[in-house]
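One structure below.
The values are calculated or read from the model by the stated rules, or taken from the named source; none is laboratory data. Keep in mind the model is a prediction, meaning the values are calculated, not measured. FYI the Cβ positions are ideal-geometry reconstructions off the backbone, even for glycines, and counts take in every protein chain you see.
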């Protein structure tokens, strides 16, 4: 039976939808994740041990780790952007609606369902589950980087699957994310005698034209194309209609491709803005995530659902895993176009599809696994 067949929702679809709805209704705006982490912790089966439950993180792994078993971590952030009249959530027809449905309470629900199944059948892998907060906040407020410092096991997976909404495709790597403030100074004067001043807005127009006229730059790595883009996102300046402005501040966002370092991205920005009376202040610079397509576990995941492989045109925590030497990819349910929208939603069929793919990837419930367990029980 399909996830939604003739208007009827399958049993697993109903469970996943219910879990998603319950998670939507738990307060979890970035920085306020304690309640949702406690709710998830209460659902973790007894076969898992808590490796870390500090500073906005819940990291669990099997109590009985096996020698030689590959270690795979399913990772999902529990926080959301602020609500906008979309909590409590609802189930409407074939979808679950509410803040975080797509990004990424639906993925958390799938992780919970997989945990229960792993309790009954651990499969051929040791599987860890990593739930973490503050992902929607700037990189400098990350909850993952401190985890890697205090919990060495978090840096040992053979593959991390970051369950960002990808519409059940595999998206590899991620763009770097540089945020900067550009400060343009001039000299205030009466607008009737502008020659006595130096118009900072006019200077800013000249300075920022280099960014406004910059076309996207495509970078291809292992057959995958990332588009580097730079945008002015906010601008503030001026004090009154009859005053030549003496100061302007503009914020610039630069998304740069894997293969470039944060230092190179900063140098590129400063090169574009290299005129007098311009100050560039770097507010944050999250590195890009490398392209991990040669890991055999990525191949296995792709084959588990005949999945499309694409480039991640955004920043995600795969970059943070890369900083500690862990291969990671993005894969999760939900259409990313609904992330952060007031009408955020996720199709129940997408939840079920993700669940099925992960079961196949992890070797759960297969005929071979059932036969293996039967042989083990009779010897």
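Worth pointing out:
- Residue match in segment 143-155 (condition: farther than 25 Å from residue 335 by Cα and without any contact (Cβ under 8 Å) to a residue 40 or more places away in the chain): yes
- When residues of segment 227-246 are limited to those that are part of a strand (DSSP E or B) and more than 36 Å from the chain's Cα centre (by Cα), the one surrounded by the fewest Cβ atoms within 10 Å (Cβ to Cβ): 243
- Qualifying residue in segment 275-282 (condition: without any contact (Cβ under 8 Å) to a residue 40 or more places away in the chain and either in the same structural domain as residue 216 (by TED's automatic domain parsing) or farther than 30 Å from residue 70 by Cβ (or both)): yes
- Counted as qualifying within segment 255-351 are no helices (runs of 4 or more DSSP H), as none has 2 or more residues that are under 16 Å from the mean Cα position of the chain (by Cα), closer than 30 Å to residue 199 by Cβ and at pLDDT below 95.
- Residue that is nearest to the chain's Cα centre (by Cα), among those in segment 206-215 that are surrounded by 14 or more Cβ atoms within 10 Å (Cβ to Cβ) and outside any loop (DSSP other than H, G, I, E, B): 211
- Only one of the numbered conditions (1) touching a helix residue (DSSP H, G or I) at 6+ places or on another chain (Cβ under 7 Å); (2) at pLDDT below 95 is not met by residue 366, and that is (1).
- Taken over segment 242-265, residues that are farther than 18 Å from residue 174 by Cβ and in contact with a strand residue (DSSP E or B) (Cβ under 6 Å, 6 or more places away or on another chain) amount to 9.
- Any hit, segment 216-226, residues being surrounded by fewer than 18 Cβ atoms within 10 Å (Cβ to Cβ), assigned to a helix (DSSP H, G or I) and out of contact with any strand residue (DSSP E or B) (no Cβ under 6 Å at 6 or more places or on another chain): no
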